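A quick write-up on the structure given underneath.
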Amino acid sequence: MKPLQNLFLSGLLLGWSVAASAQSLTLSQAETLAVQRDADIARLQQLSLASEDMAVADGQLPDPSLSLGALNLPTDTFATDQEPMTQFRVGLGQKFPAGDTLALSRRRGEQNAVAQRWMAQDRAHQVRREVRLAWLESLYWKQAQDVYQQDEGLFQQLQEVTQSLYSVGRSKQQDVLRADLELSQLNDRLINVRQKEDEARARLARWVGPEAMSRELDAALPELNAPHVGALESALLAHPAVKALDAEVDMSATNAALAQQSYKPSWGVDVGYAWRDGENMDGSARADFFSAAVSVQLPLFTGQRQDRRVSAAVRNQEASRSRRLEMLRMMDAEAQVAFSHWRQAQERGRLYVEQITPQALSQAESALSSYQSDTADFAEVMRAYLTVQKLRLEQLRIDIDGRAALARLDYFFAAESPIDSLSFKE
């Protein structure tokens, strides 16, 4: 009985205490790799930089215009000194947008850059969450494989017990065949679990790359403390996803202010200098001309243009606010669900560790003892040990699910930035 008991105890105590080798890939390293490799983060960073550049450009005056012309040339001779109104003119013009259009255009670009930066921060937190979930799933199948490998030794011992009892006439051949069958089925389950582990590692490689996945995973996970659910409201208001929507709301307000500028006139200034050839009747040289003009664009008919644009901008602003409110509600609900899953996993985990698994193990050992004393059949023994195996896997799944719920919950309490250490690439 001692070898069987020691085998089960060693399996139950293994859990998360597997020592990581020097070449193993830690979860922290995997998170950093995934954030560095993520194309969406790089895309959002570049969009933010592009918006900053556009903000500067949008805040500048339009380019001045230069005009060159020959005016009033006589078509009979094309002589430049024949007619007094013949002139060669050079002019400069400058347009001035209405009201605060330039300042508001620059502000809108800056707000868009802020929104893109917050979206990059949110994407980094999403990547970290997905890496943790993929890591946990890979680790579950690795631990499940360990459970089956430990049970392989146990089932081999049960096989030896049935053969020993059969050799002395104390068991039936059916028991020996049943032990052989269960061992074969265990090997089949082990092959299936290895396939599941390979699939989970392939999904993790999508984030960290195949080179990193050539290393063994470090089974030691960082201990994450469950955030206080009472602090959720303030955490969500400071969340990067909500901050990005805040910037979009600000940008829509700026668009509304920009639309209001269309009620104001825009201005233009033109200056010109005209050179004339030839002489006056008294023999003096003809004087050159200088001209200056101011143009004003008058928004007189606003019903179908300016009014519509302002109305559209205000509606877009309200839509942005509604989107932000819906995002807060959705994130709050998802966080509450994750917290509930984590709390239930904690309760179930304690129940399995303290009662269910030890009780099942005791019942299995009792069934084996009764079988060796000819007071129970072998089928009962196998059912008992298969139940223990199932409960050990369920206990492992509960532990993994609890950690996964905590990883999801941690996303909503995103405080530090996973990309603070990464510079924006010019």
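Of note:
- The phi torsions of segment 243-255, fed into the Karplus equation with coefficients 6.51, -1.76 and 1.60 and a -60° offset, translate into couplings of 4, 4, 6, 4, 5, 5, 5, 4, 5, 5, 5, 5, 4 Hz, rounded to whole numbers, with Gly and Pro shown as x.
- In summary, the aspartates and glutamates within cross-link reach of residue 95, defined as a Cα separation below 18 angstrom excluding same-chain residues under 8 places away, comprise 58, 63, 270.
- Sites residue 76 and residue 295, calculated FRET efficiency, Cβ-Cβ separation with R0 35 Å, nearest 0.05: 0.50
- Among beta bridges identified by DSSP and lying wholly in the chain, the antiparallel ones come to about 95 percent.
- Net lengthening on full extension, residue 350/residue 57 (0.36 nm per residue, minus Cα-Cα): 99.3 nm
- Label zone at residue 96, where the point sits 7 Å out along the Cα-to-Cβ direction: segment 64-79 residues whose backbone N lies under 19 Å: 64-66
- Residue order, fewest to most beta carbons within 10 Å, for 302, 101: 302, 101
- Averaging the sequence gap over all C-alpha pairs within less than 8 Å and six or more residues apart, then dividing by the number of residues, gives the chain a relative contact order of 25 percent.
- For the chain, the longest principal axis of the C-alpha atoms and the axis of helix 2-14 are separated by about 10°.
- For the chain, the mean residue ellipticity at 222 nm estimated from helices alone is -23000 deg cm²/dmol, where every DSSP H run of n ≥ 4 contributes -39500 (n - 2.57) and the total is divided by all residues, rounded to the nearest 500.
- Estimated vicinal HN-Hα couplings, Hz - segment 38-45 in sequence order (Karplus 6.51, -1.76, 1.60; Gly, Pro = x): 5, 6, 5, 4, 4, 4, 5, 4
- Acute angle (nearest 10 degrees) that the helix 357-372 long axis makes with the longest principal axis of the chain, alpha-carbon atoms: 30
- Candidate values [x] 28.9; [y] 26.4; [z] 22.2, label of the one derived for Kirkwood radius over Cα pairs in Å: [x]
Throughout, read-outs are computed from the coordinates displayed, never taken from laboratory work. All values derive from a computational prediction rather than experimental measurement. Here Cβ is always computed from backbone atoms with ideal geometry, including for glycine, and neighbour counts include all displayed protein chains.
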